[in-house]
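Trainee: Here's a structure for you.
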Amino acid sequence: MGNKMTFGVWLPSFTWQDNTWEPASDLKEWCIKADHAGVDVWVIDHLLVAPGLYGASWLEPMETLSYAAAVTARVKLATGILV
């Protein structure tokens, strides 16, 4: 039998330029939905700000993945970028 393709979801762990944490406030819901759908959870790390492209701040990836692990049962966790 061949390899299986797996899917993942990138968690929105950033703030907008006006420092509202709207994307990050839904992390628990995103994690639970990923767990129920059988997809993995990914986060990225970012140190730079590019107006219009990135938010002003990012949650720390290992802490975000620890939170994802605490609210899920089956997802695999990964970083797309870790600085």
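Trainee: Looking at the range 1-17, which of its residues are at pLDDT 80 or above and not in a loop (DSSP other than H, G, I, E, B)?
Mentor: Passing the criteria: Gly8, Val9, Trp10.
Trainee: Of all residues in the range 35-77, count the ones that are modelled with pLDDT of 90 or more, under 11 Å from the mean Cα position of the chain (by Cα) and either farther than 13 Å from Ser13 by Cβ or part of a loop (DSSP other than H, G, I, E, B) (or both).
Mentor: Residues that pass the stated criteria total 1.
The values are calculated or read from the model by the stated rules, or taken from the named source; none is laboratory data. Given the structure is predicted, the values throughout are model-derived calculations rather than measurements. With ideal geometry, Cβ positions are generated from the backbone for all residues, glycine too; neighbour counts draw on all protein chains shown.
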